[in-house]
Amino acid sequence: MNIANCILEALKTQGSVAVPHFGVFSLKYSGAIISNEDGHILPPAKQIVLEKNYLLKENSFVNFVAQIKGISSQTADFEIKTQTDYWKKKIEARESFEVEALGAFNSDAQGFSFVGQRIYLDSPDVYGLEAINLSEMSSQKETQPSQPKKSNAWKVVLWLLILIIPAGILGYLNFYHPDILFGVKSFEKDKTQKTTPSQPVKTTKTNDTLVIDSLKQDSLPANNLK
């Protein structure tokens with residue numbers, strides 16, 4: 001394992017690494033970004049940053065390298081110094097180079113800059129998100145046939161049924177059975193009362209012959225008395 005990989009392992013376990021006579025590597029939160037190379041949406045991650053300090057004196061990383069590689073502290077310190085001296089010479093020569101495990105060292109007329117690698121750790125900060133390919137999403141969207149909006153069509157049919165059925169029932173009742181809707185009209189009640197036939201009055205006829213006979217009988221005794 002080279003020194004760059006040792007720095008990366010120390011970052012994953014400790015979050016910060018002080019490399020003697022070079023600087024401090026650490027991790028910072030980086031939000032989701034769109035990759036310029038392939039157009040992927042990269043999820044949130046941890047990105048390596050560097051604070052350059054050639055005067056730094058720290059032995060913790062030396063002990064870490066000695067332990068992880070199973071070598072002495074003197075050997076570990078020598079390997080670290082050899083690697084950092086090589087990087088410093090390139091930086092002083094204003095050469096841009098890339099270290100696979102850490103990131104890109106850029107030098108130009110404006111100065112030195114470091115663009116660290118993005119590290120995806122098993123951390124709640126990244127929310128378990130994965131990279132999304134925008135080009136694949138757009139191609140799938142183009143090739144996918146458009147689905148008819150069945151739900152909207154069913155809603156229209158349902159509303160038509162709700163409106164048409166009651167209207168049809170009301171129209172039928174209005175035409176054939178208006179009395180169910182509006183009741184019997186008052187003038188029709190008066191009409192039925194006026195047109196009711198009057199009952200015939202029974203008259204009793206007296207028999208004229210019976211009247212005459214009764215008169216005769218009443219007059220007979222008077223004549224006999226005379």
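Points to keep in mind about this one:
- Sites Y172 and N152 - FRET efficiency at Förster radius 30 Å, r taken between beta-carbons, to 0.05: 0.45
- Along the axis of the charge dipole computed for region 3-135 (Cβ charges of +1 for Lys and Arg, -1 for Asp and Glu, origin at the Cα centre), the listed residues G116, A66, V49 are led at the positive end by A66.
- A Cβ-based charge dipole, computed about the Cα centre of region 3-135 with Lys and Arg at +1 and Asp and Glu at -1, lands at about 360 debye.
- Taking amide H as placed 1.01 Å from N in the peptide plane, L56 has its amide H under 5 Å from the amide H of H21, F22, each at least 5 places away in sequence or on another chain.
- Pairs with C-alpha atoms separated by more than 20 Å, drawn from the list K52/K90; K69/K90; K28/K89; K46/K90; K28/K57; K28/K88, are K69/K90; K28/K89; K46/K90; K28/K57; K28/K88.
- Net lengthening on full extension, E92/E58 (0.36 nm per residue, minus Cα-Cα): 10.0 nm
- Stretchable slack from K28 to F78, in nm (0.36 nm times residue separation minus alpha-carbon distance): 15.1 nm
- log10 of Debye I(q)/I(0), alpha-carbon scatterers only, for region 18-129 at 0.13, 0.21, 0.23 Å⁻¹: -0.62, -1.17, -1.25
- Candidates per chymotrypsin sites (Phe, Trp or Tyr not before Pro) in region 1-109, loop by DSSP, up to 14 other Cβ within 10 Å: Y54
- With the simple model of a label 7 Å out from the Cα in the direction of the Cβ, S113 to I68 spans 2.8 nm.
- Burial order of peptide ranges 43-51, 112-120 (average beta-carbon count within 10 Å, highest first): 43-51, 112-120
Quick note: the coordinates plus some simple rules give every number you see, no bench work behind them. Please read these numbers as outputs of a predicted model, since none were measured by experiment. Quick reminder, even Gly has a Cβ in these numbers, built from the backbone with ideal geometry, and neighbours come from all protein chains shown.
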